[in-house]
1. Where the only charges are on Cβ atoms (+1 Lys, Arg; -1 Asp, Glu), what is the dipole of segment 88-130 about its Cα centre, to the nearest 20 debye?
2. Relative to the Cα centre, what is the charge dipole magnitude of the chain, using +1 at the beta carbon of each Lys and Arg, -1 at the beta carbon of each Asp and Glu, and rounding to the nearest 20 debye?
3. Residue separation times 0.36 nm, minus the C-alpha to C-alpha distance between L162 and L23: what's the value?
4. Work through the residues other than F182 whose Cβ is under 11 Å from its Cβ and net out their charges, Lys, Arg +1 and Asp, Glu -1.
5. Name the residue farthest towards the positive end of the dipole of the chain from the options T116, V186, I134, assuming +1 on Cβ of Lys and Arg, -1 on Cβ of Asp and Glu, about the Cα centre.
6. Quick check: from the Cα gyration tensor, does segment 14-208 come out rounded (a/c under 1.5), prolate or oblate?
7. Could you give each residue of segment 17-26 its phi-based ³J(HN,Hα) in whole Hz, using Karplus coefficients 6.51, -1.76, 1.60 with θ = phi - 60°, and x for Gly or Pro?
8. Quote the relative contact order of segment 14-208 in percent (integer), defining contacts as alpha-carbon pairs under 8 Å separated by 6+ residues.
Amino acid sequence: MLSIIQAAGWPIWPLIACSILALALIIERFISLKTARVAPPRLLDEAMSVSRTAVPTPDVVTQLEQNSALGEVLASGFRALNSNPRCSEADLRAQMEGAGRAVAHRLERYLAALATIASAAPLLGLLGTVIGMIEIFGSQSPTGGATGGNPAQLAHGISVALYNTAFGLIVAIPALIFWRYFRARVDGYLLGLELAAERFVRHLNTLRK
């Protein structure tokens, strides 16, 4: 591996930095986008069961808020009723929508950076290719004769060009695949949160009355 990096020359170092950053972002997103941390399957039913007759105490609401992203959205509805038991349905929805936007922003965190790496890595590889081609042409004799070229310089230029092109694609393809995977996962979570919030608002309306 070290010999490949040496053969590719200095243009490969930005690509190595991008690969390390992309790997860190992918691992972080896998951890943060676990179902248990975003939308536990039975949390909505549990929240509705403990509030069939009255709004839970602030301690219970705090525990719900710290449970997951869905818990944060549901807890915002409880807090709205705790602060004003006769609040309008529009105010209740606005409170939960605000919490939902904050959750959505957190779920989408780092996805733009991963998409940027997927777009920039091929361009960085192309830059290395161009630099390699420049070295190839620079190794030729001033008169343009092929026999006057430096074979070692010529081989180095070809290595720089090919290795950087390949490494740029190696970084970009997985980054693009994981970006699309996480994008679809986040969209699915957001749809689930929206449907759960709508169902929870109807439940809270019975408590509000």
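1. Working: 4 positive and 4 negative charges, 38 e Å.
Using Cβ point charges on Lys, Arg, Asp and Glu, segment 88-130 gives about 180 debye.
2. Working: 18 positive and 14 negative charges, 118 e Å.
Roughly 560 debye for the chain.
3. Values: separation 139, 0.36 × 139 = 50.04 nm, distance 2.31 nm.
Residue separation times 0.36 nm, minus the Cα-Cα distance, leaves 47.7 nm.
4. Working: positive: R29, R109, R180, R183, R185; negative: E28, E108, D187.
Spelling it out: positives minus negatives among the neighbours equals +2.
5. It is V186, whose Cα lies furthest towards the positive end.
6. On the way: a/c = 5.52, a/b = 4.54, b/c = 1.22.
Taking the square roots of the gyration eigenvalues as a ≥ b ≥ c, segment 14-208 is prolate.
7. So the J values, rounded to whole Hz, are 4, 5, 5, 5, 5, 4, 4, 5, 5, 5.
8. Values: 203 pairs, mean separation 55.7, N = 195.
Dividing the mean separation by the residue count of segment 14-208 yields 29 percent.
No value in this document is a laboratory result; all are computed from the given coordinates. Here the structure is a predicted model, which means the values were calculated and not measured. Glycine also receives a Cβ, built like all others from the backbone with ideal geometry; neighbour counts cover every protein chain displayed.
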